[in-house]
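Chemist: Input: one structure, supplied below.
The values are calculated or read from the model by the stated rules, or taken from the named source; none is laboratory data. The shown structure was predicted, so the numbers you read here are calculated from the model rather than taken from an experiment. Please note: Cβ atoms are built from the backbone with ideal geometry, for glycine as well, and neighbour counts cover all protein chains shown. What goes into the accessible areas is simple: the full protein's heavy atoms, side chains included, and nothing from ligands, DNA or RNA. Shrake-Rupley method; radii C 1.70, N 1.55, O 1.52, S 1.80 Å.
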Amino acid sequence: MSFIKITEQPSLHEDLEQLSVRSLLEGINEEDQKVALAVRSCIPHIERLVTGIVERMQQGGRVFYIGAGTSGRLGVLDASEIPPTFGMPDTYIIGIIAGGETALRHPVENAEDDTLKGWEELQAFHISDKDTVIGIAASRTTPYVIGALQQARKRGILTAGISSNPDSPLSHAVDIPIEMIVGPEFVTGSSRMKSGTGQKMILNMISTSVMIKLGRVKGNRMVNMQLSNQKLVDRGMRMIMEELQLDEKKAKQLLQKYGSVKKVLDIYNKK
């Protein structure tokens, strides 16, 4: 059975090497404007996924992103941003990339072609039906990703797939297919561009919404963020000052004493 591979269709822009820098930038921007609308059409499926994740994480479950190349790197990136942004341990949202740590910076030959390797790497985490596995693959046919998803789904684990092509093998391998159809890339086949941008947008939506529903945000503030540098310490102080109507000196004392904005707010509001 054949599938339409939109990510490999010719660019809508011709003779790129002959264009001025301004024309190149305007062309890329023109294509990028299509991404948000493509992502918007996926919201019902993303909503279903986020709801399922929250239910499972409330029972101790985890989220695994799995991908290869750019898609894998974006999953690792999103997972790595959860601890500093929301103060959640790095054992709750985990990014796995074909080829391991080396593949974050360098291509690893044939890593994405191994159908069994992805599931083997998931098993190392003692994965269970409380967990969720999200496969990311713009091209929709990556064996490393599809093999892992098929095995996870067989075992009752919630699965989802983020791709840039309709009715694909990736979509058929998961419970919740998220098909973000952004159209041909500005540079033909370069799925690090619009497809990558859309993937990052969707991952932001998933992880941020999950963290909010798990209580890691208060109002609209990152009250659980790690205070890992002076900028974040200053931000934390401002949150406390505004929320509790305190002066800078008192806010600083409380933050130093309790180590997080959330702890300060929880303790101070109990008084």
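Chemist: Over the chain, average the accessible area per residue using a 1.4 Å probe and give it in Å², no decimals.
Modeler: Averaged over the residues of the chain, the accessible area is 51 Å².
Chemist: Moving to a separate point now. What part of the accessible area of region 113-219, given as a whole %, is carbon or sulfur when the probe is 1.4 angstrom?
Modeler: Numbers: 2010 of 3980 Å².
Carbon and sulfur atoms account for 51 percent of the accessible area of region 113-219.
Chemist: Still on this structure: Once the other residues with Cβ under 11 Å from the Cβ of residue 153 are scored (Lys, Arg +1; Asp, Glu -1), what is the net sum?
Modeler: Working: positive: 154, 155; negative: 129, 175.
Around residue 153, the surrounding residues sum to 0.
Chemist: When Lys and Arg each count +1 and Asp and Glu each count -1, what net charge do the other residues less than 10 Å away from residue 143, Cβ to Cβ, add up to? Can you show the working numbers first?
Modeler: Numbers: positive: 117; negative: 112, 113, 114.
Neighbourhood net charge equals -2.
Chemist: Cβ under 12 Å from residue 39's Cβ, residue 39 left aside: what net charge do those residues give with Lys, Arg +1 and Asp, Glu -1? It would help to have the intermediate numbers written out before the result.
Modeler: Details: positive: 34, 40, 194, 200; negative: 32, 179.
With Lys, Arg at +1 and Asp, Glu at -1, the neighbours total +2.
Chemist: When the chain is fully extended, how far beyond the present Cα-Cα distance does residue 245 get from residue 21, taking 0.36 nm per residue of separation?
Modeler: Numbers: separation 224, 0.36 × 224 = 80.64 nm, distance 5.04 nm.
Extending this stretch completely gives an extra 75.6 nm.
Chemist: Helix 21-40: angle to the longest alpha-carbon principal axis of the chain, degrees 0 to 90, nearest 10?
Modeler: Value to nearest ten degrees: 70.
Chemist: Between region 106-122 and region 59-73, how many Å separate their Cα centres?
Modeler: 13 Å
Chemist: Please build a GNM for the chain, connecting alpha carbons under 10 Å apart, and tell me which residue among 253, 151, 33 fluctuates the most.
Modeler: The residue that fluctuates most here is 253.
Chemist: For helix 143-154, report the angle its Cα long axis makes with the longest principal axis of the Cα atoms of the chain; keep it between 0 and 90° and round to the nearest 10°.
Modeler: 60 degrees
Chemist: Now a separate question. I'd like the orientation of helix 69-80 relative to the chain: the angle between its Cα long axis and the longest Cα principal axis, in ° from 0 to 90, rounded to 10.
Modeler: That works out to roughly 10 degrees.
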